[in-house]
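Below you'll find the structure, written out as structure tokens, and then a few comments.
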Amino acid sequence: MSDFNPANPLIVQGDHTILIEVDNPLYLEARNRLLRFAELVKSPEHIHTYRLTPLSIWNACASGVEVNEITDTLTGYSKYKVPTHVLIEINEFASRYGRLKIIKQGSDLLLVTDDRPLAMEISLNRQVTPFLGEKLPDGSFAVHRDNRGRLKQALIKIGYPAEDLAGYTTGEKLSFSLREETLERLPFTLRPYQTESVDLFHAGGADRGGSGVVVLPCGAGKTIIGAAIMDKVQASTLILATNVTAVRQWISELLDKTTLTEDQIGEYSGRKKEIKPVTVSTYQIMTYRKSREDEFKHMELFDERDWGLIIYDEVHLLPAPVFQATAGLQARRRLGLTATLVREDGLEDDVFALIGPKKADVPWKELEHDGWIAKAICTEILVPMPENLRMHYAVSGARTQFRIASENPDKLPVIEKLIAQFPDEQILVMGMYVSQVKSVGEALGVPVLTGATTQKKRDQLFGDFRAGKIRILAVSKVANFSVDLPDAGVAIQISGTFGSRQEEAQRLGRILRPKKGLNQAHFFSLVSHDTKEQEFAMKRQLFLCEQGYEYKIGYSNEIL
Amino acid sequence: MSYLPILDIVSKLDAEKIKKIARNLQVGRSFTRKADLIGAITHLIKTDIQAVLKHCSVEEKQVLALAAHKKGRVSAEMFSSRYGYGFPERLSHYSRKNVSPYQALVFNEGYQTTDLLISDELVEILKDVFPPPAAEVVKTTDEIPQKHKDRDIQIHYGESTVFSELKSVLRLVDLGKISVSEKTRKPSGTAVKAITNVLSVPDFQLEDPTIISDPYYESPGSVRAYAWGILVQSCGWSRYSKGKLKLSASGKKAMNGDFEEFVSGVWSYLDSSKFDELNRVKTIRGQTGKGKRGLTDLDFRKPNLLAAIHAWPVEEWISFKEVCRFQLASDNSFTVSENLWHLYFSEKQYGSLGYDGSEGELEKVYTRVFLFEYLATLGLIDVAYVYPHYLWPEFNGWWGSDNHPFCSRYDGLLYVKLNPLGAYCLDVSDSYTPPEIEERKFFRIQSNMELVVNDSSLTATELHSLEMFAEQTSDMVWKVSKENILLSIEQGSSIDELLEFIENHSENQLPNTLQVFLDDMGRKIKSILSVSDAVLVKCNDSVTAAAIASDSSLKKICQLAGDNSVVVGKKNEKAFRARLRKKGYILPK
């Protein structure tokens, strides 16, 4: 084969990144193969970047992909010769997966391997030995059940991920089913990609399935997948979410889409401490302690019932102490849900070891194409600073400058104009500063939702918004996570945090629900021109472009 | 040409040789006196030269033929360059019985020269006998090898880059960024560095990759970057002013792409004798001492070099060895020094170039500098080269040379090619059509400010251009860099140029995000108008500073800077001093 095949869509680089041309006729074919063993890093308009990592290869191995498939895909679809060291390293990574297995023999757990030198190596490794029991005559090691998670964690750190075939406890039985009609009598069925994800995770109840992560973009119905997997498992379930609003959202979705009743679902939060067959809690309460020296007393929740399934919502935000607790829960089925496997703290390998390998990953472009999520158009509007604030801005410190720019009063007429442009859309006005959100809300004469709004009022506002009684809602950052506002077609961000990627994704996620007609959603971001705010907006812009959103920049005078 | 008559030349031989030649030619059999025999031989030469020539060897006839058409003079170098072997010496062709009449036809001038001469009388006779020798032809090279002594051969095509490079350099001059020595007018290290940064393609790659990490490693340094510092002066595109170069009127024209100005600048350089290119060869010492007196005029060396270049074929590679051979064979030899004894390597006594064995070597060294550093920089010739370390093509093994890794940074010059631009500028051809530079679309630019190149082997020019505004993040991916853009603009580039470059080379249109980013940069850049010198006047206390800054006669020419200082524009310093004195203050000198 020639070293240069210009018709091919891939470029494999020496740093293990893979570039793929989106407009190449072979794009879809190559992308679908690539997805199985590489992680998407960024997807701007023309060329997407994927990365090969030991984890991505092990994820692939865990889902049954052979190493030859990986190397054949790379060499077969690459424009240029694939760097030899990349191929060698792929083989090396893949060869490490499955050389160690955790199996169950009677009531005992064993770490087994056919590779005697490897057995010797791990038996001498200081990171691993604390979690290994006695060495048995056949070369395997006894493993105490409490050490199952920590051993997997230690093994992945030294580059030998163990295949966990020890199975799960069935947990406390819970009978329920998915509804065919929601409470509002709307028909409900799983979408094809949701069914596929559920099947891949559950693996027909086999030991190879039952733990892992499902990666889906915002708005693709991760809660539905959670509910469907619960339906497959039919056991008591503990759900951990990011905050109380998300907890409520889970509860209302479960009530809406399953036959579970209110007395079967409990909320375990700062306000309520219900433990029921299905319990929904927050990471925050789990990691709460009075002082640094205290125990995480709410972690006991993990042992309060014989959970058959634990669901980790937004698994990329899972806090470290919950990882620790999860290490002791390896006998239970575990489902991670997320829009991205990339963690800001780099603990992806802990997710792999303790929650499980990636089971499904549906590219959002595909969902957008099929109409399951709305097409988002992001527009940044640059608003000049008013003359009377320019000097004040110029002589202020960086943090104050950011605030002055964020609260630029000239944003208000732009907001009004934008609202006027979308008379039939549900509109969210989002801001970081409560005072700004309040004053904008007041000026527009729309209700305001902030951290200080009571939960009752919050539920009422969300309800009204959902029902279409309120068309415009001004919200502070409290609405960032897991608030499901089904019909918000337009979001206007009037100020943001210092370029947080998470926040950006979450805010955008609010408007990705499928829309009638053109199925389009608009995300406007108002930014003061030539200011610190623009510098941070630039990071946001890069992030969204790399996520593949269409991103335009305009000037306020073009609108006013 | 010698005005000596044939008779005098024959008379230079001793009686013994005269007799043998006469016997050989079968003339003056009855004569016994030397004068009679000389007369008879001379007569035969004048009346029946063919009878004389039939007793000469082929090589001797070659000397005579050459002399007949080269104004009566043949140099050893010219002859050997042409025929590949040395010419027959006048007195060496001796045998007991026969002495060739050749010895009666040629003579040596003086004691030191090895040139052979014939009388102008004989020139006239021989002209009719020998047809003019075929014009010497330069031997060209069909294909340049990839390696030379295990080193990768690099090729520099000057024609495609010279004009953009010249523009960038002249812009630096215009920005006052080229400082030169007041005494020598040679560019300073800072100036060379500044020029290096704006070269369209990186300077010649002369570093030895195998030993660059050696602590004693000697870097060959800059070539084109330095040459431009000289050329902008020699070509008349700049003039000296207070330690810096300023753009001249013709420089402005050249900067605006006036081609005629470029050609005229080239000739100004070729006619200029301001800078001796040999000075760039630092290993040969004595050039600024006694050796300087022996150095020949530049307007003697360059025309000879140019005369030979005139006969070079256009667009054909010629080995440097062949360049030197042809220089001599085409009778365009020149000397660099009339007195080699004062030029030396390392030490005057032992390392002197005056010792035997240096013939023609210094001229080759000079030719290297002229071609590699100046003509290649002007884009008139293309060059193929390797790094110079331990090649020693000239002065190999010379005493003192082992103190240096190379004779000159130009030692690696292997091949040259006269390109169409050079042919036109040097009057070899009558017209010039600039090459159509292919605007290759070699990257795609995305809204996340990344460029993905579509070719794994970019040219040096392409790589260099990308570096002007982006940073490479992986094999094929580059990221637009604000810092790189600002640096390029500081060195004279502009946002408009960048936009033009992207438009010409990107497969897709400029994304809106990048357009806004560049617009913002462009606007910000224009926010600061200029830089000018100022005097900071520090006062004892804030009250004095405030009093000065708010004084009705002073406030127009100064302003408060911080609590205790006042800043005054340099141009207002004099007025400020005078007005300050009126207020009873003195500004210390």
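Scanning the stretch B:313-327 for residues that are open to solvent by 40 Å² or more (accessible area, probe 1.4 Å) and part of a strand (DSSP E or B) yields a count of 1. Screening B:ASP455, B:ASP430 for residues that are within 14 Å of another protein chain (Cβ to nearest Cβ) and out of contact with any strand residue (DSSP E or B) (no Cβ under 8 Å at 6 or more places or on another chain) leaves exactly one candidate, B:ASP455. Counted as qualifying within the stretch A:236-333 are the strands (runs of 3 or more DSSP E) with 3 or more residues that are without any contact (Cβ under 8 Å) to a residue 60 or more places away in the chain and open to solvent by less than 30 Å² (accessible area, probe 1.4 Å), namely A:265-268, A:278-282.
Taken together, B:ASN332, B:ASN339 contain a single residue that is within 21 Å of the chain's Cα centre (by Cα) and assigned by TED's automatic domain parsing to the domain that holds B:ILE153, which is B:ASN332. Considering the stretch B:463-473, the residues that are more than 10 Å from chain A (Cβ to nearest Cβ) and within 23 Å of A:ILE18 (Cα to Cα) include one that is surrounded by the fewest Cβ atoms within 10 Å (Cβ to Cβ), namely B:GLU471. Within the set B:SER238, B:SER234, the sole residue that is modelled with pLDDT of 95 or more and under 13 Å from the mean Cα position of the chain (by Cα) turns out to be B:SER234.
Given the condition more than 10 Å from chain A (Cβ to nearest Cβ) and in contact with a Lys or Arg (Cβ under 8 Å, 6 or more places away or on another chain), answer yes or no: does some residue in the stretch B:474-490 qualify? No, there is no match, as no residue in the stretch B:474-490 is more than 10 Å from chain A (Cβ to nearest Cβ) and in contact with a Lys or Arg (Cβ under 8 Å, 6 or more places away or on another chain). Of the residues that make up the stretch A:221-238, is at least one under 15 Å from A:THR338 (Cβ atoms), at pLDDT below 90 and out of contact with any strand residue (DSSP E or B) (no Cβ under 9 Å at 6 or more places or on another chain)? The answer is yes, given that some residue of the stretch A:221-238 is under 15 Å from A:THR338 (Cβ atoms), at pLDDT below 90 and out of contact with any strand residue (DSSP E or B) (no Cβ under 9 Å at 6 or more places or on another chain).
In summary, strands (runs of 3 or more DSSP E) completely within the stretch A:1-56 and bearing 1 or more residues that are more than 11 Å from chain B (Cβ to nearest Cβ), free of Cβ contacts under 8 Å to residues at least 60 places away in the same chain and buried (at least 17 other Cβ atoms within 10 Å of the Cβ) occur at A:47-51. Between A:PHE543, A:PHE523, the distinction of being surrounded by fewer than 22 Cβ atoms within 10 Å (Cβ to Cβ), aromatic (Phe, Trp, Tyr) and either away from chain B (no Cβ under 14 Å) or out of contact with any Phe, Trp or Tyr (no Cβ under 6 Å at 6 or more places or on another chain) (or both) belongs to A:PHE543 only. Of the residues A:LEU155, A:LEU183, A:LEU200, A:LEU174, the single one that is in contact (Cβ under 8 Å) with a residue 24 or more places away in the chain, under 30 Å from A:LYS375 (Cβ atoms) and not assigned by TED's automatic domain parsing to the domain that holds A:VAL278 is A:LEU183. Restricting to the stretch B:503-545, count the residues that are polar (S, T, N, Q), away from chain A (no Cβ under 14 Å) and out of contact with any Asp or Glu (no Cβ under 7 Å at 6 or more places or on another chain). The qualifying residues number 4. Where strands (runs of 3 or more DSSP E) fall wholly inside the stretch A:116-234, the ranges with 2 or more residues that are of a type in the set (Gly, Ala, Ser) are A:211-215.
Table: residues versus (1) open to solvent by 30 Å² or more (accessible area, probe 1.4 Å); (2) under 26 Å from the mean Cα position of the chain (by Cα); (3) not assigned by TED's automatic domain parsing to the domain that holds B:VAL169.
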{"position": "B:PRO434", "(1), (2), (3)": "yes, yes, yes"}
{"position": "B:SER456", "(1), (2), (3)": "yes, no, yes"}
{"position": "B:VAL477", "(1), (2), (3)": "no, no, yes"}
{"position": "B:LEU486", "(1), (2), (3)": "yes, no, yes"}
{"position": "B:GLN491", "(1), (2), (3)": "yes, yes, yes"}
{"position": "B:ASN504", "(1), (2), (3)": "yes, no, yes"}
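To keep it simple, each residue is scored yes or no on (1) open to solvent by 30 Å² or more (accessible area, probe 1.4 Å); (2) free of Cβ contacts under 8 Å to residues at least 60 places away in the same chain; (3) in contact with a Cys (Cβ under 6 Å, 6 or more places away or on another chain).
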| residue | (1), (2), (3) |
| --- | --- |
| B:PRO145 | yes, yes, no |
| B:SER164 | yes, yes, no |
| B:LYS183 | yes, yes, no |
| B:ALA191 | no, yes, no |
| B:VAL198 | no, no, no |
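The values are calculated or read from the model by the stated rules, or taken from the named source; none is laboratory data. Only a predicted model underlies this, so the values are computations on that prediction, with no experimental measurement involved. Here the Cβ is made from the backbone with ideal geometry for all residues, glycine too, and neighbour counts use every protein chain on show. Ligands, DNA and RNA are excluded from the accessible area calculation, which covers all protein heavy atoms including side chains. Shrake-Rupley method; radii C 1.70, N 1.55, O 1.52, S 1.80 Å.
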